[in-house]
1. Being within 30 Å of residue A:166 (Cβ to Cβ) and more than 19 Å from the chain's Cα centre (by Cα) is the requirement here; does residue B:74 meet it?
2. Taking segment B:199-232, which residues are in contact (Cβ under 8 Å) with a residue 60 or more places away in the chain, within 13 Å of residue B:38 (Cβ to Cβ) and out of contact with any strand residue (DSSP E or B) (no Cβ under 7 Å at 6 or more places or on another chain)?
3. Just for segment B:140-162: of the residues that are buried (at least 19 other Cβ atoms within 10 Å of the Cβ) and in a loop (DSSP other than H, G, I, E, B), which one is nearest to the chain's Cα centre (by Cα)?
4. Does residue B:20 qualify as being more than 7 Å from chain A (Cβ to nearest Cβ) and outside any helix (DSSP H, G or I)?
5. Name the residue that is modelled with the highest pLDDT, counting only residues in segment A:62-97 that are farther than 25 Å from residue A:132 by Cα and not in a helix (DSSP H, G or I).
6. Looking at residue B:77, is it assigned to a helix (DSSP H, G or I), small (Gly, Ala, Ser) and facing chain A (nearest Cβ under 8 Å)?
7. Limited to segment B:23-57, what total is found for residues that are part of a helix (DSSP H, G or I) and either touching a Phe, Trp or Tyr at 6+ places or on another chain (Cβ under 6 Å) or not hydrophobic (A, V, I, L, M, F, W, C) (or both)?
Amino acid sequence: MQSRWLQWRNALRRHPSIYAALIIVPAAFVWGCSRGAARALMQQAAAHWLLTASVFAALCAASVTRARARAQQRQLHSWLAALPVSNRLVVAAVRVPLLALGIILVAVGTAWGAGLSAAATALLLSSIAGAGALGVGIGWYWPHRQAPLIPPSWYTRIRRSRQASRHAWVWGLGTWPLARSQVWGRPRITARQLALVALAMPLGTPAIQALLAMGAALIAAYLLRMLAATVRVAFPAARWLAPTPIGFVRLTCALIWLALLRQLMVIALLLLFVRALPLAVRGTQALTRGAGCWLASLAVSVAACAWAYARSSPDRAALRARRAPIQAGGESSDAG
Amino acid sequence: MRDEPALEIRGLRVAFGERRVLEGVDLTLRRGEWLALLGPNGAGKTTMLRAIAGLLAPSAGDVLIGGVPVSTHAREARALLGFGCAPEQLPGLLTGRQCLQIYAAAKGLGAPESEVIELASSFRLDALLDGYVDTYSTGTRQKLAVLLSLLGTPTLLVLDEAFNGLDPASSLILKRHLRAAVDRGRCSVLLATHALDVVERYADRAALLLEGRLVHEWRAPELAALRASSQGLETAIAEVAAAVEASRSRS
């Protein structure tokens, strides 16, 4: 019995988000809703208990089915695949219904404290508990489609991926700077940046100003990160594609279009935001500054691509200038 | 242009500052021929391949791919070239499928050829193509690098240690695929390698590069004789290297 309990506790420890969610979400709910509103809501739910229970059962069934399929897919690749279904898999499958149940329990408790009748409370709790159990049972035992099996082995058959897009698409290169930017913008790094901004603010700064400063810092960091990622990626991209006949213009456009589009969207949103704020910078001035920032980013990105392109294969610049053509064959079209 | 050799190198010299890596290399590779480039570490094999692909500026000499000079008509020459980049140069933050799509577009194709997609399937790579290259093992990256080099049906395929890290089954598939492509006359292969079994069984010629010079060449009958003999290519290389060393010390 004790070992069983320890197994469950260890399984739950691997999912600390459940504990956090069970505390934070209901607390936020209670904080956000007045007791009167909670009572009115629960009264409505109790009046339509069958509908409430059906919706909850459907939610549980769908969630458990999906989670179970995902967990089984992971289990297939685990070195523990031969073992029976583990507690960890069960916990992973039922954590969403548990979370939903926790929220509902808190809401019902709040409503009961605000004067919800005992009969309505009992009806609601029993219907929710029954529907939850039914939904989890259906979701767990419902026969679902076998997940595609991709064993890392030479000696078994594998299924081919069905989402194979076979079109050549050079514009996909634009996702490289975005990925690099996301790597640099991990939550841990962003949190450190925000901490620095917070430390730089003098004591007694009004909350709205502090929030604005942090927002501005976040946006500036995002724009700079995107620019730095484009510059950083330009060199390996040019080196990687150097043995192909891709030209400078095509390489540059393919590499920077998505990052510049993101920057443009962020700047446009920022301008819209600025218009709604009581700041000194307004209207045409803000638009000019935003456009200036974007054009500067464009210029830096293009310059980085040009440098990277020239460096990636030295024959492009140095050789042609230094050496006479070997064969008569017209103009070289390497200019791209 | 059809009768031009797949690769012609005339007096190629490459130097890094004071250090001369290649010293007047001359080489011709006919269409439908597989040449293995042998040599100890630091002999200049990779440098030679990079100079052929136009990734290095030679100090002197000319490189012509399919009759097109790399120095003056780089884009036209590169359209005829398939270059197997080093696995660590692959973009880690793109997926394998994105790499294929981008490389195919950069080579001016509408889509990666079905032959390359089928080869990816034979490599058991298609299930991994939607993962980031950063998550690939060395062998998987090597497979992807080879697939990229095969895009666009190149006249000249330049591969540097292309069998490194490949599992035996994939290695065999690749050897047979390359041999079939060479036999059909569709491409020529220049392979820098230390895998002597590949050279003995699959290559048409082998050239030994020592200290930046091509010092010896074995043709197909000689390779067949070495394969049949108990001596093998390994001993033959050692003997040639010793002879070269002795002649240098005498002079």
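The values are calculated or read from the model by the stated rules, or taken from the named source; none is laboratory data. All figures in this text were calculated on a predicted structure; none of them were measured in a lab. For neighbour counting, all protein chains shown are included, and Cβ atoms are generated from backbone atoms with ideal geometry for every residue, glycine included.
1. So residue B:74 fails the test.
2. If the condition is that a residue be in contact (Cβ under 8 Å) with a residue 60 or more places away in the chain, within 13 Å of residue B:38 (Cβ to Cβ) and out of contact with any strand residue (DSSP E or B) (no Cβ under 7 Å at 6 or more places or on another chain), then B:210 is the only one that fits.
3. B:162
4. Yes: the conditions hold for residue B:20.
5. Taking the candidates together, the pick is A:79.
6. no
7. 4
Residue-wise test of (1) modelled with pLDDT of 85 or more; (2) closer than 18 Å to residue A:229 by Cα.
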position	(1), (2)
A:246	yes, no
A:249	yes, no
A:259	yes, yes
A:298	yes, yes
A:305	yes, yes
A:308	yes, yes
A:322	no, no
A:334	no, no
